[in-house]
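S.K.: First the structure, then my questions, so here it is.
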Amino acid sequence: MTSRVYRGLSRREHDGWILGLTPAQALTCVLLAVPVVITLSAGEITEALVIACVSCPLAALIAVPVRGRTAARWLAHLLLFQIGAAFGWTRWQTRAATGQVDPDEPDLPGALARVRFPDGPPLRDQGRVCLIHDTGEGRWGATARLAHSGVGMLSDNECELLAARLGNLLEALGQREVIDRMSLLVRTVPDDGADYRAWRARNEITPAPPLSVETTKELDRTIGLPSVRHEIFVTISGREDILRRPAIAAGGGANGRALVLYRVLDSLDERFRALGAHHVRWLSGGHLAEAIRTGFNPATAAILNARHTQGDAGAELPWAAAGPTHAPAPSARAYHHDGFSTVSYAVLMPHRGTTFGSLSSLLAVKTPGERRSLAVHYEIMPANRAHRAVRGTRFRTRVMRDWKASKGFAASAEDRHEARRASIQEDAIASGHGMVRFAVTTAVTVPSAWPVEDHASRLEGAIAGRFRLLRMELAQDAGFVAAVLPLGIGLPRLRGGGW
């Protein structure tokens, strides 16, 4: 365990004012109760009981949460899911199957159909960087691949230093104003040994002792199959309404927005290296297409890696081949793509807080051929919105505490904790610190012939007792995008903020 503890992670963005209910939920419950009260006041008890038998279940559907959503919202989402399946809106087929192939046109399913990938101008010695334009959210971003040795072998002091540097990085991004989101994605990759065999072919000594050669081969057979590698991606993005004005001054269009982003990218390389990254590479269109392709089909990683190893690194994957070749209609509990099945979860932070590096057990592969992914999406809130958020939390906490005291209710330990936490957060914001929204998603991918529920259960067991995993029911395709693909998609807009 490390000494760097993150607390206050489980606060909802919009707490209920009235007994945990939002104003809309409370008003609906009151309207449902009015007919019952009126009939009771008129002395019609039988009719009041009949109306109550209808109003009470409706109020429960609206007010009682079930695994993150109210029952009414579950019913609405299930209805929309069934309508989409009935009309075939959720089925997807690649355009290559119909012979309509444009190598430079992305062919991606679901929520990815709204994303565009224009190339920006050259960035220093790294060449052209692929921009990620989310037309639905109105965001522009770029993705980098990092080489990092991980934090598993670091001491507590080193982990605490990295945690402090991560906080400083997020705070620095918030001060730049151009960038307000950063997504960190870690995926495991089954190691087929191609890199190692190529290295051995170049460096193996011919007159090696026979016993050493035989021992090395035995080790390869024993530990080569279950070994895995990790690939790390970082995506940064900014809002179109913030980028538009400086982009126009830089020439407008995609190039203008790229130049504005490049001013931030120049300063991020050193900050990533301060976090332990050995190498930072901002991805071009072909390399980002490969990252998306291996997300849909992990088996293609070995083919693409072998092609690069054989000296064909200059040939980039066309965008038409980035998506899946087959993606049937998603089921309610899993997403099927290219002969693989993925189960995605949202990771809910514990109320007591967590430590730096505590999510690493979600990436511990248990079976050779299994892939696990973990994504953390950060959004730095503007200073004015952060001040309003902490003031609103403090005011709401004080009002509820005073109301309970006036009615003779004793303050619970949770009420005292909420009041203390609201005061600490307000003091931190007042002293110049920032506020960060975040979302954590994880996923497990296995071949479709495997029992995916067994592997999903192992993932849940790997984190049991420390975190709560909320399965992305009825939204497994969107959960796959958030947890597996390095595009920075995964944090919903802040409600009520016009974002």
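The values are calculated or read from the model by the stated rules, or taken from the named source; none is laboratory data. Just so it is clear, the model here is predicted, and its values are computed rather than measured. Positions of Cβ are generated from backbone atoms using ideal geometry, with glycine treated the same way; all protein chains shown enter the neighbour counts. Remember, those area values only see protein heavy atoms, side chains included, never the ligands or the DNA or RNA. Shrake-Rupley method; radii C 1.70, N 1.55, O 1.52, S 1.80 Å.
S.K.: Which lysines have a Cα lying under 30 Å from the Cα of K366, excluding residues fewer than 8 positions away in the same chain?
M.R.: Cα-Cα hits under 30 Å: K217.
S.K.: Using the eigenvalues of the Cα gyration tensor, what equivalent ellipsoid semi-axes result for the stretch 365-409 when each is taken as the square root of five times the eigenvalue, whole Å, largest first? Write down the numbers at each step before the final one.
M.R.: Working: eigenvalues 365, 85, 3 Å².
Taking √(5λ) for each eigenvalue gives 43, 21, 4 Å, largest first.
S.K.: Further question on the same structure: Could you give me the ³J(HN,Hα) list for the stretch 164-178, computed from phi with Karplus coefficients 6.51, -1.76, 1.60 and θ = phi - 60°, whole Hz, x at Gly and Pro?
M.R.: So the J values, rounded to whole Hz, are 5, 5, 5, x, 5, 5, 5, 5, 5, 5, x, 6, 6, 6, 5.
S.K.: Mind listing the long-range amide H neighbours of H148? Cut-off is under 5 Å, sequence gap 5 or more, other chains count too, H placed in the peptide plane at 1.01 Å from N.
M.R.: Here H278 satisfy the definition.
S.K.: If packing is taken as the mean number of other Cβ atoms within 10 Å per residue, what is the order of 421-434, 37-50, highest first?
M.R.: Details: 421-434: 14.7, 37-50: 12.5.
Descending packing order for the listed peptides: 421-434, 37-50.
S.K.: So, in nm, how far is label R468 from label F438 when the simple model puts each one 7 Å beyond its Cα toward the Cβ?
M.R.: It is 1.8 nm.
S.K.: Still on this model: Can you give the alpha-carbon Rg of the stretch 231-314 over 2.2 N^0.38 Å, where N counts its residues?
M.R.: Values: Rg = 16.2 Å, N = 84, 2.2 N^0.38 = 11.8 Å.
Cα-based Rg divided by the globular estimate yields 1.37.
S.K.: Any chance you could tell me what percent of the C-alpha pair distances in the stretch 80-138 go past 13 Å? Walk me through the intermediate numbers first.
M.R.: Values: 1239 of 1711 pairs.
Counting every Cα pair in the stretch 80-138, those more than 13 Å apart make up 72 percent.
S.K.: Next up: At a 1.4 Å probe radius, carbon and sulfur cover how many percent of the accessible area of the stretch 36-175?
M.R.: Carbon with sulfur: 61 percent of the solvent-accessible area.
S.K.: Give me the dipole magnitude in Debye, nearest 20, for the stretch 400-499 about the Cα centre, with unit charges on the beta carbon: positive for Lys and Arg, negative for Asp and Glu. Write down the numbers at each step before the final one.
M.R.: Numbers: 13 positive and 11 negative charges, 66 e Å.
The dipole magnitude comes to about 320 debye.
S.K.: Also: The stretch 62-165: D in µm²/s via Stokes-Einstein (Kirkwood Rh, Cα pairs, 20 °C, 1.002 mPa s)?
M.R.: Numbers: Rh = 19.2 Å.
Translational diffusion coefficient: 112 µm²/s.
S.K.: Using Cα-only point scatterers and the Debye equation, what is log10 of I(q)/I(0) for the chain at each q in 0.13, 0.14 Å⁻¹, rounded to two decimals?
M.R.: -1.43, -1.60
S.K.: What FRET efficiency do you get for S457 and L79 if R0 is 41 Å and r is their Cβ-Cβ distance, rounded to the nearest 0.05? Please report the intermediate quantities before stating the final value.
M.R.: Numbers: r = 29 Å, r/R0 = 0.70.
Given R0 = 41 Å and the Cβ-Cβ separation, E is 0.90.
S.K.: Would you please give the FRET efficiency between A164 and R416, computed as 1/(1 + (r/R0)^6) with r the Cβ-Cβ distance and R0 = 30 Å, to the nearest 0.05? Can you show the working numbers first?
M.R.: Values: r = 29 Å, r/R0 = 0.97.
The computed FRET efficiency comes out at 0.55.
S.K.: Additional query: Once fully extended, how much extra length lies between D102 and I424, figured as 0.36 nm per residue of separation less the alpha-carbon to alpha-carbon distance? Write out the running numbers ahead of the final one.
M.R.: Details: separation 322, 0.36 × 322 = 115.92 nm, distance 5.54 nm.
Here the segment from D102 to I424 would lengthen by 110.4 nm.
S.K.: Which FRET efficiency value, to the nearest 0.05, is calculated for S212 and S448 with the Förster distance at 35 angstrom and r the Cβ-Cβ distance?
M.R.: Values: r = 41 Å, r/R0 = 1.18.
Rounded to the nearest 0.05, the efficiency is 0.25.
S.K.: Averaged per residue, what accessible surface does the stretch 346-499 expose to a 1.4 Å probe, in Å²? Walk me through the numbers on the way to the answer.
M.R.: Working: 7130 Å² over 154 residues.
Heavy-atom SASA per residue in the stretch 346-499 reads 46 Å².
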